[in-house]
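*Asks:* Quick one: the structure is below, questions incoming.
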Amino acid sequence: QKEVEQDPGPLSVPEGAIVSLNCTYSNSAFQYFMWYRQYSRKGPELLMYTYSSGNKEDGRFTAQVDKSSKYISLFIRDSQPSDSATYLCAMTGTGNQFYFGTGTSLTVIP
Amino acid sequence: GAGVSQSPSNKVTEKGKDVELRCDPISGHTALYWYRQRLGQGLEFLIYFQGNSAPDKSGLPSDRFSAERTGESVSTLTIQRTQQEDSAVYLCASSLQYLAGAWDTQYFGPGTRLTVL
């Protein structure tokens, strides 16, 4: 079993839609949960991170962590064509090793 | 300021040759990570350097892979006797991590796309 599971998609939505991206994990020691955005032929860039369980909002983006279910989500409201990218979840317990999902490819159609 | 840079951006090599990939981290960042990203797959941890501590090499897939870092500067990832399954994008990231075990934001370079023919 992989440490982190993420549906690779691809996901295609119309502009303005709400997007939900999810990951599940198996290691209960994970404490920090991150979402990265990766444009084609670029390195990933950090979008948001959350410590332990709870919600965090930043503009159109909301990250949720449910440690009891080992499930994390990223919601994108009012999606824009510029949001088209691959979204990777990542997590770590100690900060030494990070475990990434496979990434979900998102296309927002104008 | 300057971000993480990697060179070369693309490398095509023949099976059996050695390759050396370079990463220049953000100045002052004590932690440096190497990852491999195969097509359609997530990032696979390879190695982690933190200051002057012994590196965490637990992710290196075979003894053909090695990496070095001098102090808190440039790092090189070397792959000896390359195989076709080594074809991937190799990403480097650095972070301002003063204490081992304390997480801090990783900043990624653009990657080196390696193709082994």
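*Asks:* Can you tell me which residue in the stretch A:1-45 is farthest from A:Q64 (Cα to Cα), limited to those that are aliphatic (A, V, I, L, M) and within 11 Å of another protein chain (Cβ to nearest Cβ)?
*Replies:* A:V4
*Asks:* Here's another thing I want to ask about it. Limited to the stretch A:81-95, what total is found for residues that are assigned to a loop (DSSP other than H, G, I, E, B), open to solvent by 10 Å² or more (accessible area, probe 1.4 Å) and out of contact with any strand residue (DSSP E or B) (no Cβ under 6 Å at 6 or more places or on another chain)?
*Replies:* The qualifying residues number 2.
*Asks:* Can I ask one more? Just for the stretch A:35-64: of the residues that are hydrophobic (A, V, I, L, M, F, W, C) and open to solvent by 30 Å² or more (accessible area, probe 1.4 Å), which one is nearest to A:F100 (Cα to Cα)?
*Replies:* Among them, the one singled out is A:L46.
Rundown of residues vs (1) in contact with a Leu (Cβ under 6 Å, 6 or more places away or on another chain); (2) aliphatic (A, V, I, L, M); (3) open to solvent by less than 70 Å² (accessible area, probe 1.4 Å); (4) assigned to a loop (DSSP other than H, G, I, E, B), yes/no style:
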| position | (1), (2), (3), (4) |
| --- | --- |
| B:G3 | no, no, yes, yes |
| B:V12 | no, yes, no, no |
| B:R22 | no, no, no, no |
| B:G28 | no, no, yes, yes |
| B:Q41 | no, no, no, yes |
| B:F45 | no, no, yes, no |
| B:A54 | no, yes, no, yes |
| B:E68 | no, no, no, no |
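*Asks:* Let me ask another. Which ranges mark the strands (runs of 3 or more DSSP E) fully within the stretch A:1-74 that have 3 or more residues being over 30 Å from B:Q6 (Cα atoms)?
*Replies:* A:11-14, A:19-25, A:54-58, A:61-66
*Asks:* What residue, of A:Y71, A:Y32, is open to solvent by 20 Å² or more (accessible area, probe 1.4 Å), more than 25 Å from B:G111 (Cα to Cα) and in contact with a strand residue (DSSP E or B) (Cβ under 7 Å, 6 or more places away or on another chain)?
*Replies:* Answer to the check: A:Y71.
Results for (1) of a type outside the set (A, V, I, L, M); (2) part of a loop (DSSP other than H, G, I, E, B); (3) modelled with pLDDT of 90 or more, shown as yes or no for each residue.
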site: B:S62; (1), (2), (3): yes, yes, yes
site: B:T76; (1), (2), (3): yes, no, yes
site: B:A93; (1), (2), (3): no, no, yes
site: B:Y98; (1), (2), (3): yes, yes, no
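The values are calculated or read from the model by the stated rules, or taken from the named source; none is laboratory data. The model shown is predicted, which means the values in this text are computed figures rather than measured ones. No Cβ is skipped: glycine too gets one built from the backbone with ideal geometry, and neighbour counts run over all protein chains shown. With ligands, DNA and RNA removed, areas are computed over all heavy atoms of the protein, side chains included. Shrake-Rupley method; radii C 1.70, N 1.55, O 1.52, S 1.80 Å.
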